[in-house]
Each structure stands twice: as C-alpha cells, then as structure tokens.
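One structure is given here, and the rest of the page talks about it.
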Amino acid sequence: FLHWLRIFTELQGAITAVHDAPETDYWGFFTDAGVDMPSIFINRSIQSKKSQLFTFCHEMAHYIEDAEGVSNPYFAENAIERRCNRFSAEFLAPEAEFAELVAGLGRTIRADVDLLIDIASRDSLLSKQATATRLLELNLLQKSDYSNWFAKNRQWYRKDKRDEVDNAPIIPNIHHAKSIGEIGYLPVYLADLAVSRKIIDAFDVEVALGISRKLQSKAFALARRRIEAVIDDAS
C-alpha cells in the first residue's frame, strides 16, 4: 500500500524519498522550496513500515494543504500538524471501519489493553502508537489506559523496527529495489524513458540517481511494473 501511495503521489507531481536521517532531527518533512518541486521525505532509520506509512500520509496532508512542515506526526504541536494527523488517521483507519474492526475482536481482547492494541494494529494499517491514539480518539480506549500503555511503551517505535528487521525474510539481490525506495519510482521510470529515447545514457543515470549500470535494467523494470500497475488500477 505504501508503494502504491508513493507512486500515486509522485504522479501528482511530488518527489518522494525514504532514506536515513538522524532520529533526533525529524520523522518526515514536506517542502516546496518555492521552485514548484514539492518534496516529501520520510526518515526510515527508526520507523517500521507502518510508521513510515502514517508519516507519509501526514506529509501528504501537508502537500495537499500546501503547508511546509518538519514533523514527528505522533507529537502535534500546532494546528496544521493536528490537521495532518487527523487526515492520516482517517485516511488509514476510517472511523466506521476501524470501530467495526475493534467490535469484532471480542470482549476478552477488548478488555486487555496490550492485546487490543497489538491485534488492532496487526489487523489494520496503523502502527501500535497510531492504533492506541485512534482508539482513544474514538472513545474505544480510556484515557487512563492510554496513558498507562504509553508510559510502558515509550520506545514502542524502536521495538516495532527491531521486530520488523528480525522477522524480515532474507531476499538476495534487492539493491535496485532499495535504490528505488530511497529516491522514488518516478525519477527511475523517467530515466528509463529517457535512456530508451537516447536523451541520456547509462552513465548519466549512474551519476544523477546513483544506480550502477549493472543494476539499471532491474531498477527500470521494477519501476515500470509498479507504476504501470498503479495506472491500471486507477483506470
């Protein structure tokens, strides 16, 4: 879903990048820089995939509102940050559907706060922190229970990231996919078109995008497949 959303956003004209940055700086940001080149950056260094997804939606809301921001979406300090949080939560876990999901978990699970948050997160697009917050927002979790959970899980994002890394399947030869993830799908797709039309060559791609000539054919094919799949879905 994150791949699909990134490609959709890039096709609207925004640059997206998911890369490492110091965890104390930001979880993500949106900037336009005054040159009609809106850019979304997501810090992957400490965020699990679900956390990246929430942050991406948060920054996408900045893009929609044309309001620059550097943020950790879980700690909103002003009106625009709170609006972006609401957008992200409602986009990923619409109130009616999320409430139905929770209601279907049964009384035993709903009575155990830790279990409720774990399973509701597992069965939705939300991280555990976002799940706890969404439960609180929809009055499906008491404020005291939320506070107690958060006090016990202040480093929840580190554990989520560690668990994700520990449980990740070993997939060889994914360097081209990692490169695309860092710089976005659209630049690679456009580079493929430009090479095929002899506007640029493989050396230009290597210098501009950092994708070695050995990996370019795989990177081009992957970007092409995923962008064409999104276009087909949209049509």
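If one takes the longest principal axis of the Cα atoms in the chain, at what angle in degrees, from 0 to 90 and to the nearest 10, does the Cα axis of helix 49-65 lie?
80 degrees
Would you please give the FRET efficiency between Lys198 and Asp32, computed as 1/(1 + (r/R0)^6) with r the Cβ-Cβ distance and R0 = 41 Å, to the nearest 0.05?
In this case the efficiency is close to 0.80.
Taking all protein chains in place and a 1.4 Å probe, what share, in percent, of the accessible surface of region 1-139 do carbon and sulfur account for?
Carbon and sulfur atoms account for 55 percent of the accessible area of region 1-139.
Going down the table (Lys49/Lys214; Lys128/Lys214; Lys128/Lys218), which pairs top 31 Å between alpha carbons? All intermediate terms of the calculation are to be shown ahead of the outcome.
Working: Lys49/Lys214 28 Å; Lys128/Lys214 40 Å; Lys128/Lys218 35 Å.
Long pairs (Cα-Cα over 31 Å): Lys128/Lys214; Lys128/Lys218.
Could you report the chain's accessible area per residue, 1.4 Å probe, as an integer in Å²?
55 Å²
Could you work out the Rg to Rh ratio of the chain, with Rh taken as the Kirkwood radius (inverse of the mean 1/r over all Cα pairs)? Walk me through the numbers before you get to the answer.
On the way: Rg = 19.4 Å, Rh = 19.3 Å.
We get a ratio of 1.01 for the chain.
Amide H neighbours of Gly28 under 5 Å, at least 5 residues apart or on other chains, H built in the peptide plane: list them.
When sequence neighbours closer than 5 places are left aside, the close amide H contacts are Asn43, Ser71.
The values are calculated or read from the model by the stated rules, or taken from the named source; none is laboratory data. Just so it is clear, the model here is predicted, and its values are computed rather than measured. Don't worry about glycine lacking a Cβ; one is built from the backbone with ideal geometry, like all the others, and counts go over all protein chains shown. Surface areas here come from the heavy atoms of the whole protein model, side chains and all, with no ligands, DNA or RNA. Shrake-Rupley method; radii C 1.70, N 1.55, O 1.52, S 1.80 Å.
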